[in-house]
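To start, the structure under review is shown below, and the notes come after it.
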Amino acid sequence: MSRNDQDRVWDLVDSIKFAMLVTHDGDGDGLRARPMHANARREDDAIYFLTDRRDQKDDEIRLNDAVCLAFADPSDQRYLSIGGVATLLDDRALVKSLWAAADKLFWDSPDDPDIRVLRVRPTSAEYWDSPGKIVTSVKMAAAALTGAKPQLGDHRKVSL
């Protein structure tokens, strides 16, 4: 693992932006996933999400703070999975700093008392990063003709 691999993980989070947040459902081994808008702050070693305190995911995280974030950009054949530890924060200044115009779809303002910050501190990641759909398609076609295994891009496991 290299510093470049860690940098690539953070770059993928920044560029893809949306993740499926996977939590344990609290009823055994069940898992639940939902789409969330990621706000990466490498200087904090954290990925932040705005969440509503009334949602089930908050209760699930209180029971088991191990989460997975699954990012996907199929148009460019880029995928990222991050394992980490989640914490719920009632930090009004942080809510305001993360607030974006699109959040108005869910809350009236950043002052809404139901907004919480979900912080995920990544512990590990795995990414698949290809040169793009066209190049990947050409490499797959060439491999099918020649019988060779195609080199479809980078795949790395990264400790964070």
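Between Arg156 and Asp108, residue separation times 0.36 nm minus the direct Cα-Cα distance comes to 13.2 nm. Near the amide H of Trp99, within less than 5 Å, lie no amide hydrogens of residues on another chain or at least 5 residues away, with H placed in the peptide plane. Each Lys or Arg adds one and each Asp or Glu subtracts one; over the other residues with Cβ under 13 Å from the Cβ of Arg34, this totals -3. If you look at the Cα atoms of the stretch 3-159, you get an Rg and a Dmax of 18.0, 61 Å.
The magnitude of the dipole of the chain, with charges of +1 and -1 set on the Cβ of Lys/Arg and Asp/Glu and taken from the Cα centre, is near 620 debye.
Ranking of Ile16, Ile61, Ile47 by neighbouring Cβ atoms within 10 Å, starting from the fewest: Ile16, Ile61, Ile47. Does the stretch 63-123 classify as rounded, prolate or oblate by the C-alpha gyration tensor (a ≥ b ≥ c root eigenvalues; a/c under 1.5 gives rounded; else a/b over b/c gives prolate, otherwise oblate)? Oblate shape, in that a/c is at least 1.5 and b/c is the bigger or equal ratio. In the chain, helices alone account for a calculated mean residue ellipticity at 222 nm of -8000 deg cm²/dmol, with every DSSP H run of four or more residues adding -39,500 (n - 2.57).
Among the lysines of the chain, pairs that are 8 or more positions apart or on different chains and have alpha carbons within less than 29 Å of each other number 15. Helix 3-16 and the longest principal axis of the Cα set of the chain meet at an angle near 70°.
Readers should treat all values here as calculations from the given coordinates under stated rules, not as data from a laboratory. Treat the numbers as computed from the prediction; the structure is a model and nothing was measured. Reconstructed Cβ throughout: ideal geometry from the backbone, glycine too, with neighbour counts over all protein chains shown.
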